[in-house]
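Scroll down for the structure; my scribbles are underneath it.
The values are calculated or read from the model by the stated rules, or taken from the named source; none is laboratory data. Everything quoted here is computed from the prediction, not taken from an experiment. We place every Cβ from the backbone using ideal geometry, glycine too, and count neighbours over all the protein chains shown. These area figures cover heavy atoms from the full protein model, side chains too; ligands, DNA and RNA do not enter into them. Shrake-Rupley method; radii C 1.70, N 1.55, O 1.52, S 1.80 Å.
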Amino acid sequence: MKARTRTATAAGGVLAASALFTACGAGGGDGYGNASGGSTSNPLAAPSAAASAAPAPSVKKTLSEPAEVAPALQLVAAQTKALGWVVTDGKGWILYRFDKDRAKPTPQSMCTGACAQKWPPVLVHGKPALKGVSPALVGKVRRDDGTWQLTLHGWPVYRFAGDAKPGQWKGQAVGGTWHAIKRNGARNTVLPGAAPAAPAAAQPTISDGYGNSSSY
């Protein structure tokens, strides 16, 4: 009888220990607030099948798309009160040409060294954005230092270091060889403040009988 009692007691102890071990493994802790055992409390556990099937947000497309780059140079045909038609850059700085340069048959800049410091060449990096300027007239010429200078109808294009702000035209007619450039590459010969030219002699006209008249 006593043997049966001891056997039952031992079996009960084994079952109790097994139950206690199971309970600790499922949701027990280490006494410091850290969970141990059990897949539900393991932060490194493998994601469920539903979670792994959900598509991950795509970031590669956003990272691989190049940002839009604004053109480094803009050319604008602008009409001013003082000079009439000129060409400016995108900020309104007036651009010039030099009569001693060569446009044809091969463009060539004669402004180098100290001249290029006073008259900085307009350098080309890619295609400029155009407003009112024909792309057929826009070109470039390689300078002695290896850089590429903008040309309009073959004429190399410059800025003037003496212009302190956009819209100024202090380089106009300097030395009789520097002029604001027009959109067709021609030089702007307007001299603001100069004495007005003498009026031309009136030419006799003849009517065609329909209200139209023309000079002889």
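If I ask for residues that are free of Cβ contacts under 8 Å to residues at least 60 places away in the same chain and of a type in the set (Ser, Thr, Tyr), which ones from the range 89-108 would you list?
Of everything in the range 89-108, just one residue is free of Cβ contacts under 8 Å to residues at least 60 places away in the same chain and of a type in the set (Ser, Thr, Tyr), namely Thr106.
Would you mind stating whether Leu130 is part of a strand (DSSP E or B), free of Cβ contacts under 8 Å to residues at least 60 places away in the same chain and of a type in the set (A, V, I, L, M)?
It is true that Leu130 is part of a strand (DSSP E or B), free of Cβ contacts under 8 Å to residues at least 60 places away in the same chain and of a type in the set (A, V, I, L, M).
Quick check on Gly139: is it outside any helix (DSSP H, G or I), free of Cβ contacts under 8 Å to residues at least 40 places away in the same chain and not basic (Lys, Arg)?
So Gly139 fits the description; yes.
Would you check which residues across the range 174-198 are open to solvent by less than 80 Å² (accessible area, probe 1.4 Å) and part of a loop (DSSP other than H, G, I, E, B) and list them?
Across the range 174-198, the qualifying residues are Thr177, Lys182, Asn184, Gly185, Ala186, Asn188, Val190, Pro192, Ala194.
List the pairs whose first member sits in the range 157-173 and is assigned to a loop (DSSP other than H, G, I, E, B) and among the acidic types (Asp, Glu), whose second member is surrounded by fewer than 20 Cβ atoms within 10 Å (Cβ to Cβ) and at pLDDT 95 or above, and whose Cβ atoms are under 7 Å apart, counting only residues at least 6 apart or on separate chains?
Going by the 7 Å Cβ cut-off, the qualifying pairs are Asp163/Trp93; Asp163/Lys170.
For the condition surrounded by 13 or more Cβ atoms within 10 Å (Cβ to Cβ) and either modelled with pLDDT of 95 or more or closer than 12 Å to Leu150 by Cα (or both), what is the one hit in Ala78, Ala136?
Matching residue, one of Ala78, Ala136: Ala78.
Step by step: first the residues of the range 139-152, then only those that are surrounded by fewer than 17 Cβ atoms within 10 Å (Cβ to Cβ) and of a type outside the set (D, E, K, R), then the one that is farthest from Gln74 (Cα to Cα). Which residue is that?
Gly146
Run down Ala161, Ala72, Ala77 and say which single residue is under 25 Å from Gly193 (Cβ atoms), out of contact with any strand residue (DSSP E or B) (no Cβ under 8 Å at 6 or more places or on another chain) and among the aliphatic types (A, V, I, L, M).
Only one candidate qualifies: Ala161.
Residues to consider are Trp119, Trp155; find the one that is open to solvent by 20 Å² or more (accessible area, probe 1.4 Å) and either touching an Asp or Glu at 6+ places or on another chain (Cβ under 9 Å) or of a type in the set (Phe, Trp, Tyr) (or both).
The match here is Trp155.
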